[in-house]
Amino acid sequence: MLRFILLLVITVTGMSYSGELTVYAASNFSYVFDRVKSLYEREHPDDKIRIIYGSSGKGYHQIIRGAPFDIFFSANMKYLKELYRNGYVRSEPEVFLLGKIVLWTGKSSGIRLEGLNTVLNPDVEKIAIANPELAPYGKAAFECLKKTGLYDKVKDKLVIGENISKTAQFVETGAADIGFIALSLAKSKRMKDKGEYIIIDQECYSPIRQGYIILNNENSKTVSRFLNFLKKENVKAVFRNFGYTFPEGDMYEQH
């Protein structure tokens with residue numbers, strides 16, 4: 001009996017320090033978050049993190065329909081602010097990272113990247129871009145094409161991806177000759193040796209402020225552990241290696 005009680009106490013104590021999180025993250029985070037998840041679970045083996053990737057807009061619509069996510073990492077602040085403003089969450093959204101877009105082409109395409117005007121190259125028949133209505137990286141690319149007066153010249157060449165990962169697949173597989181994708185995907189192990197890219201001037205589009213919002217307070221201890229883990233220098237270095245920058249003066253630069 002005593003042995004059973006001791007075993008029960010040990011089990012309950014162990015459970016109090018473990019938890020499960022379901023995270024929805026924008027597709028541009030896929031490779032970097034897979035790496036961060038691996039590091040986190042190595043340091044916190046009793047915690048389990050489940051990450052679902054998709055467009056920020058799709059995540060937003062799933063949340064307002066009651067999807068049971070604990071944290072939502074969005075590729076822009078718009079959807080996070082709307083969730084807060086409309087009363088779906090109590091905690092205010094936090095700016096986390098700044099993203100960048102690049103123009104990418106595969107090695108086998110034969111296309112030479114010569115700045116943004118590469119989109120006018122007559123050999124370019126299809127240009128991949130993420131859905132600007134759902135994907136902030138697509139919105140940034142659309143904004144850049146409009147601002148530079150290129151949109152009307154290339155709009156018939158555009159191939160629309162549901163999210164930035166689908167868009168990257170279009171250019172990676174040759175379904176599109178060139179494409180606007182996230183720098184984080186261009187730097188991923190899967191794509192970095194398959195093509196080349198140029199970084200689009202950030203003056204061409206509004207800053208891609210990426211953030212998160214806490215959706216479920218029931219797992220507050222595990223949520224706090226995970227978010228605090230993201231502030232560690234070695235973890236921030238992982239994000240930087242994928243091309244992200246941290247907003248100057250934000251809480252992640254203060255730790």
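Looking across segment 175-186 at every residue that is in contact (Cβ under 8 Å) with a residue 60 or more places away in the chain and out of contact with any helix residue (DSSP H, G or I) (no Cβ under 7 Å at 6 or more places or on another chain), the one that is surrounded by the fewest Cβ atoms within 10 Å (Cβ to Cβ) is identified as L183.
Residues checked against (1) surrounded by 14 or more Cβ atoms within 10 Å (Cβ to Cβ); (2) under 30 Å from D177 (Cβ atoms); (3) modelled with pLDDT of 95 or more:
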| position | (1), (2), (3) |
| --- | --- |
| E196 | yes, yes, yes |
| V223 | yes, no, no |
| K236 | yes, no, yes |
| Q254 | no, no, no |
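In segment 106-118, the qualifying residues are those that are assigned to a helix (DSSP H, G or I) and touching a residue at least 60 places away in the same chain (Cβ under 8 Å), and the one that is farthest from D201 (Cα to Cα) is S108.
As a summary of the residue check, A25 satisfies the conditions (1) surrounded by 21 or more Cβ atoms within 10 Å (Cβ to Cβ); (2) part of a helix (DSSP H, G or I); (3) among the small types (G, A, S) except for the one numbered (2).
Just checking, does segment 117-129 include any residue being assigned by TED's automatic domain parsing to the domain that holds D177, modelled with pLDDT of 95 or more, buried (at least 18 other Cβ atoms within 10 Å of the Cβ) and in contact with an Asp or Glu (Cβ under 8 Å, 6 or more places away or on another chain)? Among the residues of segment 117-129, at least one is assigned by TED's automatic domain parsing to the domain that holds D177, modelled with pLDDT of 95 or more, buried (at least 18 other Cβ atoms within 10 Å of the Cβ) and in contact with an Asp or Glu (Cβ under 8 Å, 6 or more places away or on another chain), which makes the answer yes. N219 passes every criterion in (1) among the polar types (S, T, N, Q); (2) within 14 Å of the chain's Cα centre (by Cα); (3) at pLDDT below 95 apart from (2). Does N219 qualify as being buried (at least 16 other Cβ atoms within 10 Å of the Cβ), in the same structural domain as F33 (by TED's automatic domain parsing) and part of a helix (DSSP H, G or I)? Here the answer is yes, as N219 does meet what is asked.
Taking into account only those residues within segment 79-105 that are out of contact with any helix residue (DSSP H, G or I) (no Cβ under 7 Å at 6 or more places or on another chain) and assigned to a strand (DSSP E or B), which is farthest from I63 (Cα to Cα)? Across segment 79-105, the extreme among qualifying residues is L98. Tallying residues that are touching a Pro at 6+ places or on another chain (Cβ under 9 Å) and not in a loop (DSSP other than H, G, I, E, B) within segment 44-71 yields 2.
Looking across segment 68-117, the residues that are small (G, A, S), under 21 Å from A141 (Cβ atoms) and more than 23 Å from the chain's Cα centre (by Cα) come down to S109, G115. When restricted to residues that are under 18 Å from the mean Cα position of the chain (by Cα) and either of a type in the set (D, E, K, R) or at pLDDT 95 or above (or both), segment 50-67 contains 10.
The residues of segment 119-166 that are closer than 24 Å to Y31 by Cβ and assigned to a helix (DSSP H, G or I), listed by number, are P136, Y137, G138, K139, A140, A141, F142, C144, I164, S165, K166. Of all the listed residues (Y88, Y60, Y79), the sole one being among the aromatic types (F, W, Y) and surrounded by fewer than 20 Cβ atoms within 10 Å (Cβ to Cβ) is Y88. Whenever a residue of segment 17-44 is outside the structural domain of F229 (by TED's automatic domain parsing) and closer than 28 Å to L134 by Cα, it has no partner that is assigned to a helix (DSSP H, G or I) and among the small types (G, A, S) lying with C-beta atoms less than 8 angstrom away and at least six residues away or across chains.
The values are calculated or read from the model by the stated rules, or taken from the named source; none is laboratory data. Predicted model, so just to flag it, every value in this text is computed and none were measured. Cβ sites come from the backbone with ideal geometry, for glycine too, and all protein chains shown count toward neighbours.
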